[in-house]
Each structure stands twice: as C-alpha cells, then as structure tokens.
Amino acid sequence: MSSVSLTAAVRQNLLSLQDTASLTATTQNRLSTGKKVSSALDSPVNFFTAQSLSNRSSDLGTLLDNISNGIQAIQAANQGLTSIQKLVDSAKSTANQALATQITTTGTASSAYSAPSASGGTTINLFANGTAFSASIAQSASIDQALTALNSAATSAGVGNIFSKDTAGTKIVISANADIEFADTTSQTALGFTAGSGSAVSYGTTGSAVTGVAQAKELTVTGVKERANLAAQYNSLLTQIDQLAKDSSYNGVNLISNSATTNKLHISFNEKDTSNLDVQGVDATSKGLGLSSVNNTSGNNANVGNFLLDTDIKSTATTLTSAASTLRSNASTFGSNLSTVQNRQDFTKQLQNVLDTGASKLTDADLNEEAANSQALSTRQSLSISALSLANQAQQSILQLLR
C-alpha cells in the first residue's frame, strides 16, 4: 500500500475511520462481556485491585457457610436444652407427686433400741420371704452400727435397706412393707419388738419347716407401691434426658452431650481467623445436671430408695430445681452466643456485598454509556465515510478530464 499515494485529506479521513473502528470494537467487547477491564492490559491497577477484592469476597463466602453451620449447631443445642428443661419439669412433677403420696402404716413398726450388753454381742436371726439370714450386732454397738449390720444382712438376703431410725434417733424402724419375721423370740426381743398377733410362720431353707415362731410385726403399709411406680417413672425420665442430649447434634457437632474440652465449637469470622468465637459445650445429661436414678427394687419388698422417705424426695426436688436453673443459665449463654454469631453473619454478608460492589465498579462497564458510545461511533463512522467520499471528489474530477 506504500506505493499508493493518498492525498492528505484522504489519509486523514482514513485514520479517522480506523480509530472509529477500533473504538467500535472496544465498545462492542464491553457490551458483550459487561466488563470495561477484562485483563491486566486494560488497566493493571483496576484489574488486580478488583481481583483482590473478589478473592476476599470469595473467602468470606466460604466463611459464611461455616458460620451458618455454627448457627445451626447452636440452635440444635438450644432446642435440646429447651426440651430437656421440659423433661426436668416432668421429673420434678413426678417427685412432687411421690411426696404427695402418703405412706401409712398400721401396727407396730418401731422399737426402742438397747445396745447388746452380753460379751460378743447378739446375733439376730430373721426370715425374708422364706430366706433365712442373720445379723451380728456387737456388744455396746450404737444404733447406727446396729442399723448397718441389719441392713447389710437384709440387702444380702434380697430385701434391701429396710431398717432405719426415727427422728429422735432412739428407735429402730422397719420402714418398708417387707415380709420380715424373727426366727426366735430371743432375736425378736433383742431389738425390742414384741410378738405380733399373727399366726405362726412356717419357713424352711432346707425343706424342713421352722414352725412356732410368731411374726415380729403385723403391719399394713400403703403408698410404697405407688412411690415405687413413681420412682420408675422418674428413672425413665432421666433416661430420656440422656437420650435427648445425645440426639441434639447438627452435622456431627453436639454441644450438650458432655463438658469435655473437645466439646467446643470454633467459628471463624474472618479469613485469617484473627476474629473468632469459641462456643463451649455443656453437659446436659442427667449426670451433668447432678441427677441420679433412685433405687427401685421390684417385688413385694420394694425399696424405692430416694422416693421412700419424704426427706429424700425433697432432696431430689431440690436437685431438680438446681438442674432447671443450670439449664436456664446454659440456654442464656447459648442464646448470647447465637446472637453474636448471627450478627457477624449479617455483617459478613454486608461486607461481602461491599467488596463485590467495589470490584464491579473497578471493572464493570456502564452498559448505558457503552450503548450510547456505540450509537455515536456508528454515526461517526457514517460521517467519516462521507468525508472520505468528499475528499476523493477532486481525483474523480481529474478522472472525468481524462475521459
């Protein structure tokens, strides 16, 4: 083309057309991609700054997923605490119902205790449901030592701890509807019990009957069976508390199953983990709440342990009240942590939007502006073509002369 000679006017119009074509190509590219900076060649500063902002926004997006999982884990724990609270309330209601169930007896159920004075002490021979057992009470033994010996022997015989003392601490009390008979009058009077009015017993452990021994006591006890049933209900509620605590997990995270140091949820709030929150788990199982099952031996000689004596039931109710207070405190702590995490979640979402918006402003094209530019360049191109045609008219006049 260098051998072709163009006039100055034609060359100027040609350059103008070339510039317009280049601008048109740029505008069309921006319209098709939506970007005014597509690569570092377009604007190194804007391109790399926008890339940095976009990368951080992407990192925060990943953190948002973890934050969301953390929120769900805390909510699962909080829901577990709320449900356990209801079970504790039910257990307390059961304890109160047991307390309202009165144990009444008719007949002689206690005797004044006198320590054995004979050298070597005294051996007490008894029967429990036809099984013979003996309790050795040492010389000058206190009433507490005597009770220990009696209850140990009774427990070994399968009856349980059915001997206690009255509030004054001077009398031995047979505290359950146990089928207890003394094997001989000596054993009977040694503890201060008088012969009952019932018929003679006939028990034997080797096939031969032991006859002619009057029953030690003729007692009719009511309320023990009812308290035993309530004790079983209470124990069942504790089992449900343990199961519910273990089930209050989300994505493998359980914040209320135990209080070990590993039972902790770590939530990062920024990409460098310099801003974070550790949510410490708690032990909301029955053991962690200080609750223990009550003894509930089935059978005629039911020993319901904590539910037999009113003082023990009241102690259990106090423990339940403390457990409820602990649950409320734990729920409050989880609620505070949940509020914090949700606040950071909202902040992270807004910050991510700010970063994305900043990156867009650095690289995104204004489509309205580019559309207007496209129309203007089209018009300019038409004008340049017309100008080029005018610039060629002088040469066309020479052509006409040559013709």
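For region 353-378, give me the residue count where each residue is open to solvent by 40 Å² or more (accessible area, probe 1.4 Å) and within 30 Å of D278 (Cβ to Cβ).
First, the residues of region 353-378 that are open to solvent by 40 Å² or more (accessible area, probe 1.4 Å): 353-354, 356-357, 360-362, 364, 366-369, 371-373, 375-376, 378.
From what is left, the residues that are within 30 Å of D278 (Cβ to Cβ) are 353-354, 356.
The number of residues fulfilling the criteria is 3.
Return yes when N151 is in a strand (DSSP E or B) and surrounded by 15 or more Cβ atoms within 10 Å (Cβ to Cβ) and no when it is not.
Values: in a strand (DSSP E or B): no; surrounded by 15 or more Cβ atoms within 10 Å (Cβ to Cβ): yes.
Answer is no for this residue.
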What pairs can you find where one residue is in region 78-104 and touching a residue at least 60 places away in the same chain (Cβ under 8 Å), the other is among the aromatic types (F, W, Y), and their Cβ atoms are less than 6 Å apart, with a gap of 6+ or different chains? N78/F334; A91/Y234; T94/Y234; A98/F307
Is it the case, given these coordinates, that T340 is of a type in the set (S, T, Y), over 60 Å from the mean Cα position of the chain (by Cα) and modelled with pLDDT of 70 or more? no
Only one of these is modelled with pLDDT of 95 or more and open to solvent by 60 Å² or more (accessible area, probe 1.4 Å): Q240, Q233, Q280. Name it. Q240
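Here's the yes/no breakdown for (1) loosely packed, with under 15 Cβ neighbours inside 10 Å; (2) out of contact with any Leu (no Cβ under 8 Å at 6 or more places or on another chain); (3) of a type in the set (S, T, N, Q):
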{"position": "Q28", "(1), (2), (3)": "yes, yes, yes"}
{"position": "K36", "(1), (2), (3)": "no, yes, no"}
{"position": "D42", "(1), (2), (3)": "no, yes, no"}
{"position": "V45", "(1), (2), (3)": "yes, yes, no"}
{"position": "I71", "(1), (2), (3)": "no, no, no"}
{"position": "G80", "(1), (2), (3)": "no, no, no"}
{"position": "L87", "(1), (2), (3)": "no, no, no"}
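The values are calculated or read from the model by the stated rules, or taken from the named source; none is laboratory data. Since this is a predicted model, take the numbers as computed values, not measurements. Note that each Cβ is placed from the backbone with ideal geometry, even for glycine, and that neighbours are counted across all protein chains shown. In case anyone asks, the SASA skips ligands and DNA or RNA and just uses the protein heavy atoms, side chains included. Shrake-Rupley method; radii C 1.70, N 1.55, O 1.52, S 1.80 Å.
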